[in-house]
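Read-outs: derived from the displayed coordinates by stated rules, not from any lab. The shown structure was predicted, so the numbers you read here are calculated from the model rather than taken from an experiment. Please note: Cβ atoms are built from the backbone with ideal geometry, for glycine as well, and neighbour counts cover all protein chains shown.
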Amino acid sequence: MSLFRKRIASNVIIVLLAIVLWGYVVGPLVSTFQQSITGSGGGVAEYSNFFDFRTGAQGESMAGSLLISVLSVITSGVTGVSLAVLLKRWEFPLRGLCQVLVLVPIALPPLMGVEAFVLLYGIGGTFPQLLANLFHTSPTTFAIDGISGVLLVALDQSDDSLEEAAYSLGASKFQAWTRVLLPMLTPAVIAGALLTFMSSMSSYTAPLLFHVDKVMTQQIVIAKLNGQLGLASVVSVMLAVISITFLIALRSYEKRAGYSTLSKGGARKRRRVTSAVWKTVLVIVASVSTIFLVLPIAMIFLLAFSVNGSWRTAPLPSQYTLQNFVGLFTNANSWRAVTTSLEMSAIAVAGAMLLGVASAYVIARMGFRGKTVMDLAVMLPWALPGTVVAINLITAFANPSPFALGRVLVGTFAMVPLAYFVRFSPLVFRSTAASLAQLDVGIEEAARSLGASWWYAFWRIVLPLLYRGIAAGALLAFVDGVGEFVATILLYTPSYRPLSIAINDELYYANYGTAASYGVIQVLLVLVVVILMRRADDRDKTTATLLT
């Protein structure tokens, strides 16, 4: 009887998860596909335009997105691997400082971070104006008006002794790198390449601010703003197909990739550079690369103290003030954007924790048909661009739905936190699943053998041991929600204006000081999350030391 009740409870949980995933993830995507076939502006004819790269505007945007993504992968791979090798393999002055500073871009808020790059390197930006003044050329001569990315690839899992063994067997440095080190890096490089490709395909903010409109994410927003929901659905479906294809490729590769070292003991120490010339070269290269990555954060903080309208005719603002922060904390309308974002993110994270933890446990601990399908369904929103998620929800909840308790959600407060819930549940799922993978199932079975019910064992034993993974995913989801812009711009209503939209509005009117003060709030939130996660790690290490 006990076994029968356990099976019933397991089946109920699986069914409930399937219903939630259908109602808010898979079902809306299916609705978008139906809209693309039958809606105004869609249909088979519009789909055929995607494969007409000579005259079809949407086909041109598809080609543009693919080209940018491929170039981003190449640029990121070369830059990331080179910088990682530089900082991980050789010991030189300032290496430790550079290694810490290259992680600073993690704190960049999505919208304000890209805008900081534009203000630094774009048309009319700081460096183009400085170089124009230096060489007496036009301010646009040195301006960057495109998309580039930087991907750092960790080399921590590779072992220096493998290289040394190769050298001892008579291999040249070229052979050691191509036949030993690079194969060890293959999993990280391929996973990083897939992630970079997916991120580039889903990027909306960078093309928007760097004036690149022939990309699919831009075309979705343009079509939606023009009232062409059918056309927006067509572009969304095509973009979703590409994203899902790469998600499946990534998940398949993660399961079968198995590169590991069988060497015993720790890795050898980094090579210390003794040549004065090479020391100088490494310091210059590492310093320039690090400064390039850190400057956007510095620009946000500098602009936050600048007077609105005091810049864009000189390399840097000419007037500074504290009024931006005074107005932020004293003006109810200004601060309301912050509280609205915090409230929306908190609601979304609460739901993401329930879905993420439940999905991770069911997929890791229960055996049932369709586990792979459920795994992909949970991760699907992580692969879908924010614009596609927004269009899916608009299509699904533009009419009364049982998943909205018979109400129309479009145009209400609920749409934005619902989008955050859908988009960021995979973060909680992945972090919880990672913690579950390290938790021996025998611990739970021992509790059950001593008479504990499944719920008691899960609540009192399993859940406390998973808190670190759950908290990490929840904190990341919360911060991402506060800074989310791509889906928000399609779903928000003026009555409930979140932080990212407030920043966008201020940037539209060239109020860079006010926009940057909002950006500082986002940066500080990210730093708080990083500090909390580091403290949790330190506490876990201390506990492990005491136990041993």
Q: Rounded to the nearest Å, what's the spacing between the alpha carbon centres of the range 445-461 and the range 290-305? Just the number, please.
A: 51 Å
Q: Mind checking the full-extension length gain between V15 and A350? Use 0.36 nm per residue of separation minus the Cα-Cα distance, one decimal, nm.
A: 118.6 nm
(Q) On a full-extension model of 0.36 nm per residue, what is the gain between W455 and A276, subtracting their alpha-carbon distance, rounded to one decimal in nm? (A) 58.0 nm
Q | Contour excess over end-to-end distance, with Cα ends at R369 and V70 and 0.36 nm allotted per residue | A | 104.0 nm
Q: Please arrange I347, I291 by counting, for each residue, the other beta carbons lying within 10 Å of its beta carbon, fewest first.
A: I291, I347
Q. Non-local amide H neighbours of Y320 (under 5 Å, H modeled in plane, Pro and chain starts lacking H): which ones?
A. V307
**Q.** Gap separating the Cα centres of the range 346-382 and the range 463-489, nearest whole Å
**A.** 15 Å
Q | Exposure proxy order (Cβ contacts within 10 Å, fewest to most) of F197, F403 | A | F403, F197
Q) Can you put W459, W382, W454 in order, fewest other beta carbons within 10 Å first? A) W459, W454, W382
